[in-house]
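**Student:** Structure in structure tokens, see below.
All of the numbers you see were taken from the coordinates with simple rules; none came from a lab. Bear in mind that the values here come from a model prediction, so they are computed numbers and not experimental data. Positions of Cβ are backbone-derived with ideal geometry, glycine not excepted, and every protein chain shown enters the neighbour counts.
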Amino acid sequence: MKIALLGYGKMGKVIERIATERGHEIVLKKEESNTYEGLSTADVAIDFSAPNVAVENISTAINLGVPVVSGTTGWLENYHEIVKLCNEKEAAFLYGSNFSLGVNIFFELNDYLAKMMAKFKDYNVSMEEIHHTQKLDKPSGTAISLANAIINHSDKNNWAIENPKEDDVFIDVKRIDDVPGTHSVFYNSEVDYIEIKHVAHNREGFALGAVIAAEWIIDKKGVFSMKDVLDLHK
């Protein structure tokens, strides 16, 4: 399989190593300064770039008929635009706020717990996310996915990272050197609290999941998520 890497930072380099170990060929390592030369020859593109270039990267690949797997966060105000383009071009696109197998299991656990806790009004829900200091967006896409699942099953209406209102899910955002990613959800009452947590030890799980998603999306048409890749639909 020929892979175009749209974004060649720390994640891109780990993806390159894992993809090569799995027998794939890298035909483009796209950084902000270079061109898309080689993209049209790719079987799939993996986008781990930056919020300000993600839409251009994804659109360019889709317009060339190249399936795209994107893990870039911070651009989702344009998500529906990309979905529309993908459907118009009868292309394939998969976005994941996190490609780790463990995190996607954590998503399902969070969703189940949120449904369960909805009727217990004595508990107040909040969250914490910790990442390395190079992470540009706050909160993380993973934290937003977790918060949105809680909002879907509760009387909360939004999330906030500062000055939360009563109907907000507060996300305490921390940036600490060399932390790949830690996400916690708390349900606190006067008598006890419940906590679920996912701690990433390194970037390997994210990168492997992205490569597995890229392998999976070949020859497919439509808009997908890691639920499809991992067959986590209920």
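**Student:** Quick one: helix 10-21 against the long Cα principal axis of the chain, what's the angle to the nearest 10°, folded into 0 to 90?
**Tutor:** Helix 10-21 sits at roughly 60 degrees to that axis.
**Student:** Still on this structure, please answer the following. Return the long-range amide H neighbours of TYR95 (sequence gap of 5 or more, or a different chain), with a cut-off of under 5 Å between placed amide H atoms.
**Tutor:** SER70, PHE224
**Student:** Here's a follow-up. Can you give me the relative contact order of segment 1-108 as a percent, contacts being Cα pairs under 8 Å and 6 or more apart?
**Tutor:** Numbers: 182 pairs, mean separation 24.9, N = 108.
That works out to 23 percent.
**Student:** Still on this structure, please answer the following. Straight-line reach from LYS119: which aspartates and glutamates have Cα under 20 Å away, leaving out those fewer than 8 places along the same chain?
**Tutor:** Straight-line reach from LYS119, under 20 Å: GLU108, ASP111, ASP155, GLU166, ASP167, ASP168, GLU190, ASP192, GLU195.
**Student:** Pulled fully out, how much extra length does the chain show between GLU90 and ARG17, if you take 0.36 nm times their separation in residues and subtract their Cα-Cα distance?
**Tutor:** Numbers: separation 73, 0.36 × 73 = 26.28 nm, distance 3.05 nm.
The span from GLU90 to ARG17 would gain 23.2 nm if fully extended.
**Student:** Further question: Under a point spin-label approximation (7 Å from Cα along Cα-to-Cβ), what is the LYS220-ASP178 distance to one decimal in nm?
**Tutor:** Those two pseudo-labels are separated by 3.7 nm.
**Student:** Quick one: angle between helix 101-117 and the longest Cα principal axis of the chain, in degrees between 0 and 90, rounded to 10, please.
**Tutor:** Compared with the principal axis, the helix lies near 30 degrees.
**Student:** Just report the Cα centroid separation between segment 147-211 and segment 1-49, whole Å.
**Tutor:** 30
**Student:** To continue, here is another question. Using 0.36 nm times the number of residues separating SER33 and ASN52, minus their current alpha carbon distance, what extension gain do you get? Each step should come with its number before you reach the end.
**Tutor:** On the way: separation 19, 0.36 × 19 = 6.84 nm, distance 1.36 nm.
Fully extending the segment from SER33 to ASN52 adds 5.5 nm.
**Student:** Given charges of +1 on the Cβ of Lys and Arg and -1 on the Cβ of Asp and Glu, with all other atoms neutral, how large is the dipole of the chain about its Cα centre, in debye to the nearest 20?
**Tutor:** Details: 24 positive and 35 negative charges, 74 e Å.
Dipole magnitude for the chain comes out near 360 debye.
**Student:** Between ASP155 and LYS119, what is 0.36 nm times their sequence separation minus the Cα-Cα distance? Round to one decimal in nm. Working shown, then result.
**Tutor:** Working: separation 36, 0.36 × 36 = 12.96 nm, distance 0.99 nm.
Fully extending the segment from ASP155 to LYS119 adds 12.0 nm.
**Student:** Restrict the search to segment 143-217; then list the GluC sites (Glu not before Pro) that DSSP places in a loop and that have at most 10 other Cβ atoms within 10 Å of their Cβ. Walk me through the numbers before you get to the answer.
**Tutor:** Numbers: sites: GLU162, GLU166, GLU190, GLU195, GLU204, GLU215; in loops: GLU162, GLU166, GLU190.
Listed in order of number, the matching sites are GLU162, GLU166, GLU190.
**Student:** Within straight cross-link reach of LYS30, meaning Cα distance under 28 Å, which lysines are found once same-chain residues fewer than 8 apart are removed?
**Tutor:** Partners within reach: LYS2, LYS10, LYS13, LYS84, LYS89, LYS135, LYS138, LYS220, LYS221, LYS227.
**Student:** Something else about it: Can you tell which of VAL27, GLY9, VAL191 lies farthest toward the positive end of the dipole of the chain, using +1 and -1 charges on the Cβ of basic and acidic side chains (Lys, Arg; Asp, Glu)?
**Tutor:** Of the candidates, VAL27 comes out farthest on the positive side.
**Student:** Moving on. Looking at (i) 8, 32, 34, 19, 7, 1, 0; (ii) 7, 33, 39, 18, 2; (iii) 7, 25, 34, 23, 10, 1, which value of P(r) over Cα pairs in 10 Å bins from 0, in percent comes from a calculation on the structure shown?
**Tutor:** The calculated read-out lines up with (i).
**Student:** If I take R0 = 41 Å and measure r between the Cβ atoms of GLU162 and THR41 in this structure, what FRET efficiency does the formula 1/(1 + (r/R0)^6) give, to the nearest 0.05? Each step should come with its number before you reach the end.
**Tutor:** Numbers: r = 46 Å, r/R0 = 1.12.
The computed FRET efficiency comes out at 0.35.
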